[in-house]
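Report on one structure; see the data block that follows.
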Amino acid sequence: MPSIKPSAENPETIHLIDASIYIFQAHFSPYVECFDLRGGQLSALFGFIQFLIQFLRRARPTHVAVAMDESLFQGFRHGLCPDYKSNRELPDDNLAMQLRGCAEVCKIFGLAPFGSKVYEADDIIGTLAQRMRAETDNKTALSIVSRDKDLAQLLANPADHVWDFSGNYRRYWDDVVSDFGVQPPQIPDFLGLTGDAVDCIAGVPGVGPVKAKCLLEQFGDLDGIYANIERVSDLPLRGARRVQALLQEHRPLAELGKRLATIVCDVQDSKETFSDIRMASLQSHDINVPGLEAFLADYAFAPSDRNRVLSATRHLLERRG
């Protein structure tokens, strides 16, 4: 990737945060416990605030977008497949309140949050990634803050990576190949073949990771496999003839799985706030400390938790100088 001088218009790295990972990590963690003055749960919100403080301290970002998932059971993928993510549950009133608070607190911390009822957080990140690359002539690195393997399909440049923040592991292009045995752009094809139990994507019965890797290494993608379907039986695969028959029988499942796993990178809808964003809108701003104090009071944080948040925020600002 060409070397450039970082600036406000052309930052060295743009950070795109998959917020739900860190919200639900806190919500379900036995080590994060926070209640408001009335005894209501605030663990998801409290944990997410802690994540934001740690992220700002470690990354010192210049440009950030935070993608929120708001499309469960109503996004376009659910229209394609009613079983998609059917293992999830809609948030109850308390968690819904905390999710709204997470979006609100992003703004207080000077970060731009985006959500959609139609598109998932992955699609928000994918569309922003494509727009930022176009605006900087593909000279800006992307740091996708998530542990979701699906997002690795968005890697394009040597400096791009998916950052598992909690595990402090950055997965670059070569790491994706080492870890999964396929190139980043092949991930949707891989999942179309193998399925993904996490998202209730069926895949092709009898085709697991080893067979999928062999097929993609030989034919490139799903279209290539089906364009050469008669050659599958000749591959050095155990039960190759049976694999060919399974692929032919379950082609609709494979193609649907790939479509479900493919991140949308070209959302063009004026109703979606993230679809027409320029670099300047993602610039990280100063933390609004009075706004944070008012926020913590509005959500009735207990004094001890409120003081922990404010103390950590002040230390962060002191480190920034």
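Structure data summary
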{"read-out": "Inter-probe distance in nm under a simple model that places probes 7 Å from Cα toward Cβ, at ALA302 and TYR169", "value": "3.4"}
{"read-out": "Beta bridges per DSSP with both ends in the chain, % antiparallel, nearest 5", "value": "30"}
{"read-out": "Efficiency of FRET from Cβ geometry, LYS107 and ARG278, R₀ 25 Å, rounded to 0.05", "value": "0.90"}
{"read-out": "Descending principal axes extents, the range 184-261, alpha-carbon based, whole Å", "value": "32, 22, 19"}
{"read-out": "Contour minus Cα-Cα distance for PHE76 and ARG100 (0.36 nm per residue)", "value": "6.4 nm"}
{"read-out": "GNM top mover of SER275, SER143, SER233 - the chain, alpha-carbon springs below 10 Å", "value": "SER233"}
{"read-out": "Prolate/oblate/rounded call for the range 22-91, Cα gyration tensor, a/c under 1.5 rounded", "value": "oblate"}
{"read-out": "Options PRO188, ASN87, VAL176, ranked by Cα towards positive dipole end of the chain, top entry (Cβ charges)", "value": "VAL176"}
{"read-out": "In nm, spacing of pseudo-spin labels at GLU33 and LYS271 (7 Å Cα→C-beta vector)", "value": "4.4"}
{"read-out": "Simple spin-label estimate for GLU230 and ARG60 in nanometres, 7 Å along Cα-Cβ", "value": "6.2"}
{"read-out": "Sparse-neighbour loop sites [trypsin sites (Lys or Arg not before Pro); the range 146-249; at most 13 other C-beta within 10 Å; DSSP]", "value": "ARG238"}
{"read-out": "Descending Cα extents along the principal axes, the range 133-236, whole Å", "value": "44, 30, 21"}
{"read-out": "Span from the the range 51-71 Cα centroid across to the the range 93-126 one, whole angstrom", "value": "11"}
{"read-out": "GNM result for the chain, Cα springs below 10 Å: residue of LEU37, LEU247, LEU292 fluctuating most strongly", "value": "LEU37"}
{"read-out": "Cα centre as origin, Lys/Arg/Asp/Glu Cβ charges: the range 27-100 dipole, Debye", "value": "420"}
{"read-out": "Nearest-20 debye value, the chain charge dipole, Cβ charges on Lys, Arg, Asp, Glu", "value": "600"}
{"read-out": "Per-residue Cβ neighbour rank within 10 angstrom, fewest leading, ASP189, ASP199, ASP269", "value": "ASP269, ASP199, ASP189"}
{"read-out": "Cα centroid of the range 254-284 to Cα centroid of the range 132-177, whole Å", "value": "16"}
{"read-out": "Cα gyration tensor shape of the range 1-124, rounded if a/c is under 1.5, else prolate or oblate by comparing a/b with b/c", "value": "oblate"}
{"read-out": "Listed values [x] 22.1, 79; [y] 23.6, 71; [z] 21.5, 69, entry calculated as Rg and Dmax of the Cα atoms in Å", "value": "[z]"}
{"read-out": "Assigned charges on the beta-carbon of Lys, Arg, Asp, Glu; the range 182-267 dipole about Cα centre (debye)", "value": "360"}
{"read-out": "Cα-based shape type of the range 189-321, given that a ≥ b ≥ c are square roots of the gyration tensor eigenvalues and the cut on a/c is 1.5", "value": "prolate"}
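Any read-out appearing in this document is the output of simple, stated calculations on the displayed coordinates, not a laboratory observation. Everything numeric here is computed off the predicted structure, so don't read it as measured data. All Cβ positions, even for glycine, are placed from backbone atoms using ideal geometry, and neighbour counts span all protein chains on display.
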